[in-house]
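The values are calculated or read from the model by the stated rules, or taken from the named source; none is laboratory data. Please read all numbers here as calculations on a predicted model, not as lab measurements. With ideal geometry, Cβ positions are generated from the backbone for all residues, glycine too; neighbour counts draw on all protein chains shown. What goes into the accessible areas is simple: the full protein's heavy atoms, side chains included, and nothing from ligands, DNA or RNA. Shrake-Rupley method; radii C 1.70, N 1.55, O 1.52, S 1.80 Å.
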Amino acid sequence: EDQVTQSPEALRLQEGESSSLNCSYTVSGLRGLFWYRQDPGKGPEFLFTLYSAGEEKEKERLKATLTKKESFLHITAPKPEDSATYLCAATTQGGSEKLVFGKGTKLTVNP
Amino acid sequence: EAGVVQSPRYKIIEKKQPVAFWCNPISGHNTLYWYRQNLGQGPELLIRYENEEAVDDSQLPKDRFSAERLKGVDSTLKIQPAELGDSAVYLCATRGAGYEQYFGPGTRLTVT
């Protein structure tokens, strides 16, 4: 069964304190690995797609990387406005095209 | 470019009552999804449409849930009758060119 596991469940950082969120996946034939940001009361907001091991994507203070078993979302010098839940999802080859989501990491950045 | 539009944003109903959610996708996006998100969980797929055809409804509880996408644009998701366990956020999403999905703001359903 396809599975995506995120850790930690929650993370508290001080402003400027860099860290990483982990997403491990077990899927049959990865087509794409996605990162989303979700603010309270809103739908997930697309951040990145990674397609193959070794690939990296960056956006402002966020950098996503991918290996054959896991993905990391690195947050450099975070600000309070980076506080949100970060969701990881995988989609597999074979036609179903559904996103299998992890439970998310709730990030809180204190000023 | 307008995003995915959903309505209503909030709905409170008593159990056994019917409820319907509406979704207007991003223009030109032919693939449309309905997800359900429980508190503290990631979204879970209910149904996927390619244009007006439901191509994956294996996770849709068909005894009480139904969906339609007339003319391959707007879509509605219906629950009849609602149960307490149906309380959740119902999300609509559409797919871009690179398999990424774009989500609407969701409808928060509370069944009392």
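Some notes on this structure:
- Selection of the range B:39-60 for residues being more than 7 Å from chain A (Cβ to nearest Cβ), surrounded by 14 or more Cβ atoms within 10 Å (Cβ to Cβ) and part of a loop (DSSP other than H, G, I, E, B) yields B:52, B:57, B:59, B:60.
- Some residue of the range B:64-71 being under 29 Å from residue A:51 (Cβ atoms) and within 14 Å of chain A (Cβ to nearest Cβ): no
- Neighbours by Cβ (under 7 Å, 6+ apart or cross-chain): first from the range A:16-36, of a type in the set (Gly, Ala, Ser); second open to solvent by 30 Å² or more (accessible area, probe 1.4 Å) and modelled with pLDDT of 95 or more: A:16/A:77; A:18/A:76; A:18/A:77; A:19/A:11; A:20/A:72; A:20/A:74; A:24/A:5; A:24/A:70
- Scope the range A:39-75; condition away from chain B (no Cβ under 14 Å), surrounded by 14 or more Cβ atoms within 10 Å (Cβ to Cβ) and in a strand (DSSP E or B); matching residues: A:62, A:63, A:65, A:66, A:70, A:71, A:72, A:73, A:74, A:75
- The range B:6-29, residues that are within 13 Å of another protein chain (Cβ to nearest Cβ), open to solvent by 80 Å² or more (accessible area, probe 1.4 Å) and in a loop (DSSP other than H, G, I, E, B): B:9
- Long-range neighbours under 6 Å by Cβ, at least six apart or interchain, first residue without any contact (Cβ under 8 Å) to a residue 24 or more places away in the chain within the range A:46-62, second outside any strand (DSSP E or B) and of a type in the set (Lys, Arg): A:53/A:68
- Identity of the residue in the range B:4-41, modelled with pLDDT of 95 or more and small (Gly, Ala, Ser), that ends up nearest to residue B:102 (Cα to Cα): B:7
- If you filter the range B:90-112 down to residues that are farther than 16 Å from residue B:67 by Cα and part of a strand (DSSP E or B), you find that the one that is farthest from the other protein chains (Cβ to nearest Cβ) is B:111.
- The one condition from (1) open to solvent by less than 70 Å² (accessible area, probe 1.4 Å); (2) at negative phi that residue B:108 does not meet is (1).
- So residue A:81, is it more than 22 Å from residue B:91 (Cβ to Cβ), modelled with pLDDT of 95 or more and either out of contact with any Ser or Thr (no Cβ under 7 Å at 6 or more places or on another chain) or open to solvent by less than 30 Å² (accessible area, probe 1.4 Å) (or both): yes
- Taken over the range B:76-112, the criterion of being among the hydroxyl-bearing types (Ser, Thr, Tyr) and more than 16 Å from residue B:43 (Cβ to Cβ) is satisfied by B:76, B:110, B:112.
- Within the range A:9-38, tally of residues that are outside any strand (DSSP E or B) and aliphatic (A, V, I, L, M): 1
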